[in-house]
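The block underneath contains the structure these notes are about, expressed in structure tokens.
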Amino acid sequence: NWIANRIVYVFLEFTRNVPVLLHIFFIYGLVVILLPAPKKAPSIWDLFFLSNRGFFVPSPVFESGIWIVGVILAAAIIFAIFFKRWAKQVQNRTGHRYPVFWISSGVIIGATAIAFIAAGMPLTWEIPVLKGFNYKGGMSIKPEFIALWFALSYYTSCFIAEIVRGGILAVSKGQTEAAYAVGMRPNRTLQLIIIPQALRVIVPPLASQYLNLTKNSSLAIAIGYMDITATIGGITLMQTGKEMETMLIVMCCYLVFSLTISALMNWFNRSIKLKER
């Protein structure tokens, strides 16, 4: 579709070639200007409210017995992990495929629901209520966080989209033709032939994008959102007056985040490598 292709092309080029800080300012301005005041905030079922003061949602209130539900949920997730591995071994050995997703989902949801009912439904919800000029109760997501989240999401997604597209195009067309020749459907060809090979091209630059996303989050201070840079690098600095030590702490925090992301992506990259004998 030529029209859709051009629209996506213009959007990607515009987004990638404009500094991310300007995107954050633009989205924050839209949030503050376009969203109504709390008294005129639109609601969904009188539970969720969106205004220029933030997004207000009900907050859970846990009661005694919720730990039983947590234990059952954890046990169900562990079962799903081992069942997936067992089903993979059976498929490799016999060719028989189990509906892993549906069985795992049924066990997790069913076991958790039974435990929740048996424990006496130990969970209630606190609903936001308008009092004065703002909502009280529940949880709130600040407009600064909404703007930061949305701006960084679509900015980074443009780079990731190009990485994924390049990875898929890097797979030889002969692979698709061979899959069609043996009767594989297009969706199964994409799932079993194209994506596994494309991942080896996609993952390394994808790790760099996740690292960039982590470092770009420090721009939150530009719109007044209190992140690590603003709290440790701002408030702590003003309270102690120790510039070097404070900046060193901030640098160490981002270093830990970056090394953790890098280690996880390296582990994932090793797990999808071709296994050679």
Would it be correct to say that Asn216 is farther than 22 Å from Ser153 by Cβ, in contact with a helix residue (DSSP H, G or I) (Cβ under 6 Å, 6 or more places away or on another chain) and of a type outside the set (A, V, I, L, M)? no
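Matching residues to (1) closer than 25 Å to Arg85 by Cβ; (2) of a type in the set (Ser, Thr, Tyr):
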residue	(1), (2)
Glu177	no, no
Gly183	no, no
Ala198	yes, no
Asn216	no, no
Ser258	no, yes
Trp267	yes, no
Ile272	yes, no
Answer yes if at least one residue in the range 136-157 is free of Cβ contacts under 8 Å to residues at least 40 places away in the same chain, under 17 Å from Ser51 (Cβ atoms) and not hydrophobic (A, V, I, L, M, F, W, C), and no otherwise. yes
Of the conditions (1) surrounded by 13 or more Cβ atoms within 10 Å (Cβ to Cβ); (2) not in a loop (DSSP other than H, G, I, E, B), the single one that Met226 does not satisfy is (2)
Sort out which residues of the range 14-33 are free of Cβ contacts under 8 Å to residues at least 40 places away in the same chain, in a helix (DSSP H, G or I) and among the β-branched types (Val, Ile, Thr), and write them in order of number. Ile33
Within the range 78-123, the count of residues that are under 21 Å from Ser271 (Cα atoms), modelled with pLDDT of 85 or more and of a type in the set (A, V, I, L, M) comes to 4
Could you tell me whether Leu35 is in contact with a helix residue (DSSP H, G or I) (Cβ under 8 Å, 6 or more places away or on another chain), surrounded by 10 or more Cβ atoms within 10 Å (Cβ to Cβ) and farther than 30 Å from Gln209 by Cα? yes
In this structure, is Gly120 under 28 Å from Ile66 (Cβ atoms) and either charged (D, E, K, R) or not in a helix (DSSP H, G or I) (or both)? yes
What's the number of the condition Glu126 fails, among (1) under 30 Å from Arg53 (Cβ atoms); (2) crowded, with 16+ Cβ neighbours inside 10 Å? (2)
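The values are calculated or read from the model by the stated rules, or taken from the named source; none is laboratory data. Model, not experiment: these values are computed from the prediction. Neighbour counts are summed over all protein chains in view; Cβ atoms, including those assigned to glycine, are modelled from backbone coordinates with ideal geometry.
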